[in-house]
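As C-alpha cells, the structure follows; a few thoughts come after it.
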Amino acid sequence: MKKRFMLASALIIGSMLLLSACGGNSGGAAPAGDKEVKPEEKPTELTVAFPIFGAVPKDLSLVQDSINQIAQKKINATVKLTPISFGNWDQQINLMLSSSEKLDLMYVGGNNYSSYVSKGQIVALSKLLEQHGQGIAKAMDSSYLNAAKIAGSIYAIPTIRDFAAYNGLTMRKDLVDKYQIDVSKIRTLDDVEATLKTIKEKEPNVTPLIPGNIGRTMLDSYRTFDMLGDSLGVLPNFDNNLKVVNLYETEEYAQFTKKMRNWYTSGLILKDAATNKTSQFDLIKSNRGFAYFSNMKPGFEQQESKSSGVPVVTANLLQPVSTTTNVTGVMWGIPINSKTPEKAMDFLNLMYSDKDIVNLFDWGVEGKHYVKSGDVIDYPQGVDTKSSGYNPNTGWLFGNQFLSYVFKGDDPKIWEKMDQFNKSALKSKALGFTFDANPVKAEYAAVTNVVTQYKLPLETGSVDPEKVLPEFISKLKSAGIDKIITEKQKQLDEWAKSSK
C-alpha cells in the first residue's frame, strides 16, 4: 500500500513538472489581471494598413523588421505593414472591412470617418485610450483629441501635425524681388489686386493669379467661415453663435465672386482656371504663373519651393484657424476586425510616443536611408530621392510628426514652431463637430452634383455672378440644400448640448 502511494505521488509530481515545463514554452495566457509581458509569450502580429503615393518602397520589409525589433521588446508585438495606393484605398479597405479580413490598425481619413462609425467598422477607443494610450494623451492637447468625438466617443486618433491653417498668397520670389514688392504690406484682397496688377503690367506673358491646385478655386484657400466639413451649411466667422447658414446665399459670397469676376475680366486670373489640369507647381516652373492662394502653415515656403523647384515667398491674409476638418483629416483607428484591440492600441501608443518608431516610419533605417547629425538628417553618400529604397515623404501620416527628424535644408525648429502655431490658432466654435449626412443622403447627393457644376466657374471668376449666382442658388434649393442645413443645425445643436 505504501509503495502504491509513493508511486502515485511520484506520478502526480512528475505530471505537474511536465505540465509546468510545457506551459513555460506554450505561450499560455497570463493569469487574469496580470498585465506584465512575459518573455516566453508568443508575440502578437498586428496588420497595419495605410495609404501610399506611388509604388511600394522596395525597402519596406527592412523598415518593418526594424520596427518589429522595437515593438517586440516593448509590447511583445510585431507588425505586418500593408500599404495601399491612395487611388485604391477606399475600395480595398472597404473590401477588407466587409470580409472580416485580419486588420488591426488603419488610417482613417476625415471624409470617411463618420461613415466608418455609422457602419460599426471601427471601435470606440475611450477605454482603450485610458488603459493603453497614456503616450497619446500626454502628447496631444485634449481639445484636439476630443475633436474626433462622435456622439460622445472617440473612434480615431488624429496624427500630431498642423492642426490649423492660415490663408495667404504664395508668390514667385524672383518677381517679388525684381519689382521690389513689399510682402509685409499685402494683407487684404485689395492689396493682392494691386500686386497682381503690377505683374500684369510688367510681365505680360505671366498670368498673375493661378489656381492653388487642380480643381481648386480661389475661395478654397480664402475662407472666413468654418465649412463644417463640406460647405453645405457653414459657420460664418467660425462662430455666428453656432447658427448655420447657406454660404451661397450670403452677401460675402456674392461680393467674393464679383471681385473674382473683375479680376478675371481684367486678365489677372488664368483664362482656363475652371478647367485647368496643370498643377500650380508646373505653372510656376514653366513661367506661366506668378501667384496662388494657399492654406499655409510653418515651413510652407520651403515645402512649396521644393515642390516647384522655384523659390517662393508668402503673404499672410487671414489668421490661423483650427476647425474639425483640419484636425480630423488624418487619423488612426482600430477596425472591428481586430481580435486584439488592446495590443493594437499598445502599438498605436508607440507611434505617438516612441521617437525611433516614428522615424522608421518617416525616414527608414538610419545609415541606409539617411544619416543623422543631431536631429537633422540627410541622404547617405550616393543616395538621393530617386535612388533611395525608402522615401515615402508622408511624415504627417504616422502618429506624432513632432518626434520626426528634420531633413537638411528645412527649419531645424519647425516642430517647435508648428506646436506654437497650433496653440496660437483661433479655435472654431464648432471644433469637434462632425456632420452625419445619412439622414439626408438623397438631398446630399443631389446638392453635391449642383455644387460640382457651379462652384469652380463662379469661384474662379470664369462666369458672371450677376447672371449665374441666382441660377446656382435656385438649383441648390430645388435639390434640397435647405433640408441639409436644417439637419446640420439640428446635429450641431445636439453636439453643443452634449459638449457642455
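The values are calculated or read from the model by the stated rules, or taken from the named source; none is laboratory data. Bear in mind that the values here come from a model prediction, so they are computed numbers and not experimental data. In this analysis, Cβ positions are derived from the backbone assuming ideal geometry, glycine residues included, and neighbour counts consider all displayed protein chains. Quick note on the areas: whole protein, heavy atoms, side chains included, nothing else; ligands and nucleic acids left out. Shrake-Rupley method; radii C 1.70, N 1.55, O 1.52, S 1.80 Å.
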Where residues in region 219-228 are out of contact with any Lys or Arg (no Cβ under 9 Å at 6 or more places or on another chain) and in a loop (DSSP other than H, G, I, E, B), which of them is surrounded by the fewest Cβ atoms within 10 Å (Cβ to Cβ)?
224
Single condition residue 496 does not satisfy, out of (1) within 25 Å of residue 215 (Cβ to Cβ); (2) out of contact with any Phe, Trp or Tyr (no Cβ under 6 Å at 6 or more places or on another chain); (3) open to solvent by less than 40 Å² (accessible area, probe 1.4 Å); (4) hydrophobic (A, V, I, L, M, F, W, C)
(1)
Taking the stated definitions as given, is residue 257 in contact with a Gly (Cβ under 9 Å, 6 or more places away or on another chain), closer than 30 Å to residue 444 by Cα and modelled with pLDDT of 95 or more?
yes
Which of (1) assigned to a helix (DSSP H, G or I); (2) touching a residue at least 40 places away in the same chain (Cβ under 8 Å); (3) of a type outside the set (Gly, Ala, Ser) is the odd one out, the single condition residue 88 does not satisfy?
(2)
So for region 113-136 (the condition being under 22 Å from residue 321 (Cα atoms) and at pLDDT below 90), does at least one residue qualify?
yes
Quick one: in region 344-378, which of the residues that are charged (D, E, K, R) and crowded, with 22+ Cβ neighbours inside 10 Å is nearest to residue 59 (Cα to Cα)?
362
Top-ranked residue in region 207-217 [being under 13 Å from residue 282 (Cα atoms) and open to solvent by 40 Å² or more (accessible area, probe 1.4 Å); ranked as farthest from the chain's Cα centre (by Cα)]:
214
Complete set of residues in region 271-308 that are of a type in the set (D, E, K, R) and either assigned to a helix (DSSP H, G or I) or touching a Ser or Thr at 6+ places or on another chain (Cβ under 7 Å) (or both):
282, 285, 288, 301, 304, 306
Give me the residue from region 473-486 that is in contact (Cβ under 8 Å) with a residue 40 or more places away in the chain and over 26 Å from the mean Cα position of the chain (by Cα) and, out of that set, farthest from residue 458 (Cα to Cα).
483
Take region 436-445 and flag every residue that is open to solvent by 20 Å² or more (accessible area, probe 1.4 Å) and either of a type in the set (A, V, I, L, M) or without any contact (Cβ under 8 Å) to a residue 12 or more places away in the chain (or both).
437, 441, 442, 445
Exactly one of 455, 441, 467 is within 30 Å of residue 149 (Cα to Cα) and of a type in the set (Lys, Arg), and that residue is 441
Report yes if residue 129 is in contact (Cβ under 8 Å) with a residue 60 or more places away in the chain, closer than 30 Å to residue 284 by Cα and either of a type in the set (Asp, Glu) or part of a helix (DSSP H, G or I) (or both), otherwise no.
no
Starting from residues that are part of a loop (DSSP other than H, G, I, E, B) and closer than 17 Å to residue 301 by Cβ, keep the ones in region 165-199 and report whichever is nearest to the chain's Cα centre (by Cα).
186
When you scan region 436-453, do you find a residue that is in a loop (DSSP other than H, G, I, E, B), at pLDDT 95 or above and not polar (S, T, N, Q), even just one?
no
If residue 390 satisfies every condition in (1) in contact with a Leu (Cβ under 8 Å, 6 or more places away or on another chain); (2) surrounded by fewer than 16 Cβ atoms within 10 Å (Cβ to Cβ); (3) of a type in the set (Ser, Thr, Tyr) but one, which is the exception?
(2)
All conditions in (1) under 20 Å from residue 317 (Cα atoms); (2) free of Cβ contacts under 8 Å to residues at least 24 places away in the same chain; (3) open to solvent by 70 Å² or more (accessible area, probe 1.4 Å); (4) in a loop (DSSP other than H, G, I, E, B) are true of residue 204 except (1)
Residue selected from region 393-408 under the condition part of a loop (DSSP other than H, G, I, E, B) and touching an Asp or Glu at 6+ places or on another chain (Cβ under 7 Å), by the criterion most open to solvent (accessible area, probe 1.4 Å)
408
Every residue in region 298-308 that is open to solvent by less than 50 Å² (accessible area, probe 1.4 Å) and in contact with a strand residue (DSSP E or B) (Cβ under 8 Å, 6 or more places away or on another chain), please.
300, 304, 305
Select, from 452, 448, 460, the only residue that is closer than 13 Å to residue 274 by Cα, among the polar types (S, T, N, Q) and touching a residue at least 60 places away in the same chain (Cβ under 8 Å).
460
Lone qualifier among 299, 289 - being touching a residue at least 24 places away in the same chain (Cβ under 8 Å), at positive phi and of a type in the set (Gly, Ala, Ser)
299
If you go through 152, 133, the only one that is of a type outside the set (S, T, N, Q) and open to solvent by 40 Å² or more (accessible area, probe 1.4 Å) is 152
